[in-house]
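Note sheet for the following structure.
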Amino acid sequence: MIIKKETVDGIPVYHVSKNYDDTIMTNKMNTYVEKSDIKDVIEDDADVYTEDGKLLLRFRKKVIPQEKSEMFYDNIIDFAKLISSNRGNATGSDKRNVYDNPKVMSNIFGYFDRWSPSQKVIFRNSGIKPIVDVRECRFNQDYPEKYKKTIPLIQEIDKLYKKLTPEHYKAQRKKANQTHFKIPGTAFTTITTNINFRTTIHCDKGDDIEGFGNLAVIEHGKYTGGETCFPQYGIGVNVRGGDVLFMDVHQPHGNLPINKKTEDTTRLSIVCYLRKNVWLRTKNKTKRMYDKHNATMKNLRKPK
């Protein structure tokens, strides 16, 4: 809950204390955020700090150019609508059998540090062991021209990240500069897209612990809800088209229900991050190794 408000350089700055202690919060993990958990929803530019002085989030309205958002949307939307069952940590399921997990429209592109089941079969049948346990995602491989057209928006988010949270950005960009397995010209290795996905309360895993999370939204159609919330602090943020939210994703967070006004309403959320294992497994590897590895992976998928 908000315990103090001030204005710094024209930006409202809020200080918040815990609404729930750590024991209660542990019991709420992997459940849905409810409206009763949230005392205040931020609608405009703001910085939020915890009572011990740590930055919880930084929110800015209408800072992403619409033309870059629309180019991203047009080129990613078909891929983003594919159904996934591997988001157990954010769907309320902790089952290891993904076939039992809820089905959601949540997908990744860029680079990842786990092999898909089909890739494992190819390795077994071919007898080939990959150079590194990092993969170029299918979207990059199958639709290289579409992938290139998503990059301007990702680079725009990167610029805002550098401007608004420079200390976190500097630590993450240093790591990104040590690997060729990344989105060109950014501090990110990986992008997650979610469509109309109400996540349960969770903490992000596998990303750079020194970095900061981010969220941008592209919306087609009308809806209410979907606020990104930090229930332990009783605060939410209404992130809409053109906005950007930088946040401590290692704090428990989730979002409120998305109430679509029409059946075809689409709320596409975009999260850009650096996956720790992508960096660890590929740092200081040469461009030659990068090209050879990616070429090998593509050749393995070609029909014989």
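Just a few scattered comments:
- Considering only alpha-carbon pairs that sit under 8 angstrom and 6 or more positions apart, the relative contact order computed for the chain is 25 percent.
- As a proxy for reagent exposure, 275, 301, 288, 173 were ordered by neighbouring Cβ count within 10 angstrom, fewest first; the result is 288, 301, 173, 275.
- Restricting the calculation to Cα atoms, every distinct pair contributes to the Kirkwood radius of the chain, found to be 20.2 Å.
- The fewest-to-most ranking of 160, 215 by surrounding Cβ atoms within 10 Å reads 160, 215.
- Proxy reagent accessibility, fewest Cβ within 10 Å first, across 266, 190, 31: 31, 266, 190
- Couplings for segment 52-65, taken from phi via the Karplus curve 6.51 cos²θ - 1.76 cosθ + 1.60 with θ = phi - 60°, read 8, x, 8, 5, 8, 7, 9, 10, 9, 8, 6, 10, 9, x Hz in order; Gly and Pro are left as x.
- Between the beta carbons of residue 21 and residue 280, assuming R0 = 35 Å, the FRET efficiency works out to 0.55 to the nearest 0.05.
- Over 27 Å between alpha carbons, listed pairs 120/162; 28/159; 162/205; 103/287; 182/298: 120/162; 28/159; 103/287
- Of all aspartates and glutamates in the structure, those lying under 13 Å Cα to Cα from residue 39, and not within fewer than 8 positions of it along the same chain, are 227.
- Calculated from backbone phi, Karplus (6.51, -1.76, 1.60) coupling profile of segment 232-246 in Hz, x at Gly/Pro: 5, 9, x, 10, x, 9, 8, 7, 10, x, x, 8, 9, 10, 9
- Segment 109-133-segment 254-304 distance, computed between alpha-carbon centres (Å): 14
- Here segment 39-79 and segment 15-33 have alpha carbon centers that stand 22 Å from each other.
- Judged by the ratio a/c of the largest to the smallest principal axis of the C-alpha gyration tensor, segment 227-276 counts as oblate, that ratio being 1.5 or greater while a/b is no larger than b/c.
- Computed per residue of the chain from DSSP H runs no shorter than four, each worth -39500 (n - 2.57), the mean residue ellipticity at 222 nm is -9500 deg cm²/dmol.
- Dividing the Cα radius of gyration of segment 1-87 by its Kirkwood radius returns 1.08 for Rg/Rh.
Rule-based calculations on the coordinates, nothing more; no lab input. Predicted model, so just to flag it, every value in this text is computed and none were measured. Neighbour counts are summed over all protein chains in view; Cβ atoms, including those assigned to glycine, are modelled from backbone coordinates with ideal geometry.
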